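The structure appears right after this line, and notes come after that.
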Amino acid sequence: MKNCEYQQIDARALGTPASSFQPCTEMKVPRLRRKWEVFPGKNRFYCDGRIILARQSGILPLTLGLIVVTSVLFFAFDCPFLVTHLTVCIPVIGGVLFLFVVISLLQTSLTDPGILPRALPDEAADIEKQIYTSGSSMYRPPPRTKEILINQQVVKLKYCFTCKMFRPPRTSHCSLCDNCVERFDHHCPWVGNCVGKRNYRFFYSFIVSLSFHTSFIFGCVVTHLTLRTYEVILLHQKESPARYPFHIICFFSIWSVLGLSGFHTYLVASNLTTNEDIKGSWSSKRGAEDSGNPYTYNSIFINCCATLCGPMPPSLIDRRGFLPPDDIPPVAAADLELSSFLAKNDTNMVGMPSSGHTS
Amino acid sequence: MNHSLQDIRQQAAISAKVFIQRDYTNGTVCQFQTKFPSELENRIDKQQFEETVRTLNNLYAEAEKLGGSSYLEGCLACLTAYTIFLCMETHYEKVLKKIAKFIQEQNDKIYAPRGLLLTDPIERGLRVVSFTKTLNSH
């Protein structure tokens, strides 16, 4: 009975070795997947990989909501009065600033901050080999670091266990997004994304334009209230109901946004990241000139230009690229050779090709 | 038996690739080490290898150069709230295309006849330049 069963399987496998594999490969070939579909980090993708967001959008809806509501209230209540009493430029300037703020915010949130793709298995294996041959230790070594010289300054490169590579200088692994980000500044919950090499200029233009926008709105509101108060006093007019809560939000947010803009202006001028500043990586030992930061150009103007107006680096994760169809074939090809070889010699080894194929 | 065959294939896969790492001595600009790896000694000569890597380094330096044209591009982009990036190809992307062409040329003329394949570093996130030893030559 056993022989009969083996013979039945044998006949089918022998008779159509190629065609039994072909339908399966045909089923897998038609739809090529894009790289964003298998991206290992905690990100969300929309529009077929064109838009990238962090998994947790943080308080981005709140940020957008506050900006939009404050601006709408400004246009609805303050602009009509100020247009009649002052000039029509006020809503125009307000509109331009509002657009600039919203566009910068969306670009900061929806752009790849400079994510480094994880090392492929062969690259990771090569690095491991180098570590073990140079370290010559039998046990797994403590957190792996590599020291290099950058502009005569010793910098330690850390090994990232998640991405399986030595992090380039100024790169840090964001635990919220589970990615290594180049020139990592910080993960901003207001924006719902990391701020890194590629979107730092968008972030900076967002906070600076937001500072101008809130200051402008606040200035117009104060002007409006002052003029109204005079009218109320002089003409005994009725005072309009208070929309002070939003003006109070505006007032408090000005100081925090202005403070943040000032802080980031200092960072840009000295070519530092928030991460480095907080950790005190290059704390000045001998004074302002010799701050120890190996990346500075020693000129405020060049530092600003390099950070904000430098060439725009490309996205390294290639979200919309197609995955190479070689996920399965190398194993399938090996099994095909194996099955044809074995089928010629042994009938009871026929079980192996099918099990190899399903694995 | 299947296990050992897979192990052998993996070993072969690892030793079939040579990786040239990044050189950070000048900062975060994209440069690769010009040190000649010992695994390629019997395939290509040192001068050829160094020339290839040096040309690549020069091309990347050109892409990341801070100069008049890059500042102009940056300022223009800033004034248009960076929406210009949606319709225009950046200087960096133009140089990346040049690099891809250069690598293609090098592969066709020099490395393929010697049984090597040079992969574009952009496919590895600009981390490494990898030489793959193809099977047709010892």
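The values are calculated or read from the model by the stated rules, or taken from the named source; none is laboratory data. In this text the structure is predicted, and so the values were computed from the model without any measurement. Virtual Cβ from ideal backbone geometry, glycine too; neighbours counted across all protein chains shown.
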**OP:** Please work out which one of (1) modelled with pLDDT of 85 or more; (2) within 7 Å of chain A (Cβ to nearest Cβ) is the condition B:Thr83 fails and give its number.
**Re:** (1)
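How many residues are touching a Ser or Thr at 6+ places or on another chain (Cβ under 7 Å) and over 14 Å from B:Ile110 (Cα atoms) when one looks only at region B:41-60?
Number of matching residues: 1.
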**OP:** Would you check which residues across region B:23-45 are in contact with a helix residue (DSSP H, G or I) (Cβ under 9 Å, 6 or more places away or on another chain) and farther than 30 Å from A:Arg183 by Cβ and list them?
**Re:** B:Phe36, B:Glu39, B:Leu40, B:Arg43, B:Ile44
**OP:** Please state which of the following conditions A:Pro91 fails to meet, knowing it meets all the rest: (1) free of Cβ contacts under 8 Å to residues at least 24 places away in the same chain; (2) surrounded by 18 or more Cβ atoms within 10 Å (Cβ to Cβ); (3) assigned to a strand (DSSP E or B).
**Re:** (3)
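Determine, yes or no, whether B:Glu93 is part of a helix (DSSP H, G or I), at negative phi and not polar (S, T, N, Q).
Details: part of a helix (DSSP H, G or I): yes; at negative phi: yes; not polar (S, T, N, Q): yes.
So B:Glu93 passes the test.
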Original post:
Does B:Thr90 satisfy the condition of being of a type in the set (Ser, Thr, Tyr) and surrounded by fewer than 16 Cβ atoms within 10 Å (Cβ to Cβ)?
Top reply: no
Original post:
Just checking, how many residues over region B:30-65 are more than 14 Å from chain A (Cβ to nearest Cβ), out of contact with any strand residue (DSSP E or B) (no Cβ under 8 Å at 6 or more places or on another chain) and polar (S, T, N, Q)?
Top reply: 6
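Picking from B:Ile103, B:Ile99, B:Ile110, which residue would you name as being part of a helix (DSSP H, G or I), of a type in the set (A, V, I, L, M, F, W, C) and over 26 Å from A:Thr171 (Cβ atoms)? Working first, answer last.
Values: B:Ile103 fails: over 26 Å from A:Thr171 (Cβ atoms); B:Ile99 fails: over 26 Å from A:Thr171 (Cβ atoms).
That would be B:Ile110, the only listed residue that is part of a helix (DSSP H, G or I), of a type in the set (A, V, I, L, M, F, W, C) and over 26 Å from A:Thr171 (Cβ atoms).
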**OP:** Residue by residue through region B:30-43, note down the ones that are crowded, with 16+ Cβ neighbours inside 10 Å and at pLDDT 85 or above.
**Re:** B:Cys30, B:Gln31, B:Phe32, B:Gln33, B:Thr34, B:Phe36
**OP:** Can you tell me which residue among B:Gly27, B:Gly68 is touching a strand residue (DSSP E or B) at 6+ places or on another chain (Cβ under 7 Å) and either of a type in the set (Phe, Trp, Tyr) or within 11 Å of chain A (Cβ to nearest Cβ) (or both)?
**Re:** B:Gly27
Original post:
Which of the residues spanning region A:156-182 are more than 13 Å from chain B (Cβ to nearest Cβ), surrounded by fewer than 17 Cβ atoms within 10 Å (Cβ to Cβ) and outside any loop (DSSP other than H, G, I, E, B)?
Top reply: A:Lys158
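If you go through region A:80-97 one residue at a time, do you hit one that is within 18 Å of the chain's Cα centre (by Cα), within 12 Å of chain B (Cβ to nearest Cβ) and at pLDDT 90 or above? Break it down into steps so the answer makes sense when it comes.
As a first pass, look at region A:80-97 and keep what is within 18 Å of the chain's Cα centre (by Cα): none.
Taking every residue of region A:80-97 in turn, none turns out to be within 18 Å of the chain's Cα centre (by Cα), within 12 Å of chain B (Cβ to nearest Cβ) and at pLDDT 90 or above.
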Subject >> Matching residues, region B:112-137, being touching a residue at least 24 places away in the same chain (Cβ under 8 Å) and either within 10 Å of chain A (Cβ to nearest Cβ) or closer than 15 Å to B:Leu56 by Cα (or both) >> reply: B:Leu118, B:Pro121, B:Ile122, B:Leu126, B:Arg127, B:Val128, B:Val129, B:Ser130, B:Phe131, B:Thr132
Original post:
Is one or more of the residues making up region A:52-70 crowded, with 20+ Cβ neighbours inside 10 Å, touching a Lys or Arg at 6+ places or on another chain (Cβ under 7 Å) and β-branched (Val, Ile, Thr)?
Top reply: yes
**OP:** Kindly indicate whether any position in region A:186-198 is over 30 Å from B:Gln33 (Cβ atoms), in a helix (DSSP H, G or I) and either within 14 Å of chain B (Cβ to nearest Cβ) or modelled with pLDDT of 85 or more (or both).
**Re:** no
